[in-house]
Amino acid sequence: MSFDHTSDGDVLISYSGSLVPPDGDLPTSWHSFRDTADGVVQGWMERMPQVSEQRKPMTEQCWWVLGTNLVRFVDRDGATCRSIVPAKLGYVGLWQWDAYFIAIGVAHGDFDAALEQLRNAVKFQADTGQLPDVLFPGGVLANSSDLPEADRLKLEADGSPTVGGGTVPLTKPPLLAWTIEQILGKRSDVARQKVVEEFADVVADSQEWWFSYSDIRANGLPEYLHPYSSGLDDSPIFDHEVPVATADLAAYLGVQDAILSQWFSAIPKRSAAFAARSQRTHQKLLDLWDEDLGMFRYGHGARIPQHRTIVSLLGVFDGRLPDSVVTSVLSDIHDPGRFATDYPLPTVALDDDGYRANIMWRGPTWINTTFLIADGLARQGYPEEARTLRTAILDNIEKAGGPVEYLNPSTGIRCEHAVRSFSWSAALYVDCAVREFSESVEASRGGEHYDEARHVLVEKITKTS
């Protein structure tokens, strides 16, 4: 990039280099850059969805963050990729499950941009069905041999059981079908069918990958082959054994198969196969329940230390648990000695010896996991519990001063190494604020709030039961 000053006070800009988008759609002077930038910002902010006056200031900040984190880069095929990156500091690329959460919030104001994030996430799906962990300028992160040196050194320093092992695939939790149902909520039947047709085979192939390549014990319960594939990179559940079977993965897979069963309803044999596997996975999830501990276990070894973490709570994402199990999970959520902090939900229980208030997934509150638990509780038939957690998400982001990556569950303050202006926190704040506003409008009209996205998803899962 070079600059030349003009006599009228402008600055001419010229570009070169491999990262310049091939379409050449770039400003050629400071004045044109300023005018273009002002127009882009104004156009983006005009798309912000309506929320209550109370939530409007933070929604504006979060919507602005989503817009400013929209970047373009050249992908592995040499095409220009428009992606809302997690953050411009340390996260310039498209992380698979980040794209899902980001799409949920963005869809309220720019449905096409939301779909674009999902299309980017699946563009480089492997022939095996595996979806890559990360899409970055010029390449993808799809297995452990692709990890940057800094990540390998950190895993070694942490004493991760992955160190010294062979190369394993890297992906992220199977939440694509659920995400699509979230963003399709109030779309027309025609629009819904078009999107489902576009993604159905992609999701089905990804689902088959999990059961073909991650079910290493051939017992019908896929496992995380690497901590990074869970999204919960340094959670203490990975301190002792990897691969590891977990409640969250079983719940995600069961829900995704239930949705696929409905998506393929026109092909009865295939639909029935998805429904049957969803039920089998649901039973595998129940097999992980430990009545004595009052939590979902992880792993297969009886001697593996069992940390009480957000992973156990995420079992409710299944949406079909017995009341007794949900009651135990809610007991943990309401226990001030475990998960009932001032700024919930912490990722490790306060009374667990693995709890660290400010270290990534070893204690801090993350917005996405709280959101997933709220969604599961809503489908379980606990709308007030879900609403309480969504309100906590709103309050947590406001306390932190903006959409931070993660925060201290006792103080509500951004943790030292947490990134500011984090996209999925911004997107999920927007979604929760829109839901809250919608509910208040319905209440003012004397009607009962109808959550269409939740209703459709509950209906799909119920039909498989």
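Structural remarks
- Single unsatisfied condition, residue 245 versus (1) open to solvent by less than 10 Å² (accessible area, probe 1.4 Å); (2) in contact (Cβ under 8 Å) with a residue 60 or more places away in the chain: (2)
- Filter pass, residue 350 being under 21 Å from residue 252 (Cβ atoms) and not in a helix (DSSP H, G or I): no
- Any hit, the range 148-160, residues being more than 25 Å from residue 347 (Cβ to Cβ), more than 23 Å from the chain's Cα centre (by Cα) and part of a helix (DSSP H, G or I): yes
- Restricting the range 189-234 to residues that are open to solvent by 70 Å² or more (accessible area, probe 1.4 Å) and either of a type in the set (A, V, I, L, M, F, W, C) or in a loop (DSSP other than H, G, I, E, B) (or both), the residue that is farthest from residue 369 (Cα to Cα): 190
- Residue within the range 145-155 that is among the hydroxyl-bearing types (Ser, Thr, Tyr), open to solvent by 20 Å² or more (accessible area, probe 1.4 Å), out of contact with any Lys or Arg (no Cβ under 7 Å at 6 or more places or on another chain) and within 18 Å of residue 93 (Cβ to Cβ) present: yes
- Selected residue [surrounded by fewer than 20 Cβ atoms within 10 Å (Cβ to Cβ), of a type in the set (Gly, Ala, Ser) and not in a loop (DSSP other than H, G, I, E, B)] from 312, 331: 331
- Screening the candidates 275, 266 for the property of being open to solvent by 40 Å² or more (accessible area, probe 1.4 Å), modelled with pLDDT of 95 or more and among the small types (Gly, Ala, Ser) yields one hit, 266.
- Selected residue (criterion: farthest from residue 424 (Cα to Cα)) from residues of the range 76-97 that are in contact with a strand residue (DSSP E or B) (Cβ under 8 Å, 6 or more places away or on another chain) and open to solvent by less than 10 Å² (accessible area, probe 1.4 Å): 81
- Within the range 64-75, the set of residues being open to solvent by less than 40 Å² (accessible area, probe 1.4 Å) and either out of contact with any Lys or Arg (no Cβ under 8 Å at 6 or more places or on another chain) or hydroxyl-bearing (Ser, Thr, Tyr) (or both) comprises 65, 66, 67, 73, 74.
The values are calculated or read from the model by the stated rules, or taken from the named source; none is laboratory data. Keep in mind that what you see is a predicted model, and the values were worked out from it rather than measured. Cβ sites come from the backbone with ideal geometry, for glycine too, and all protein chains shown count toward neighbours. Surface accessibility is based on the protein's heavy atoms, side chains included, excluding ligands, DNA and RNA. Shrake-Rupley method; radii C 1.70, N 1.55, O 1.52, S 1.80 Å.
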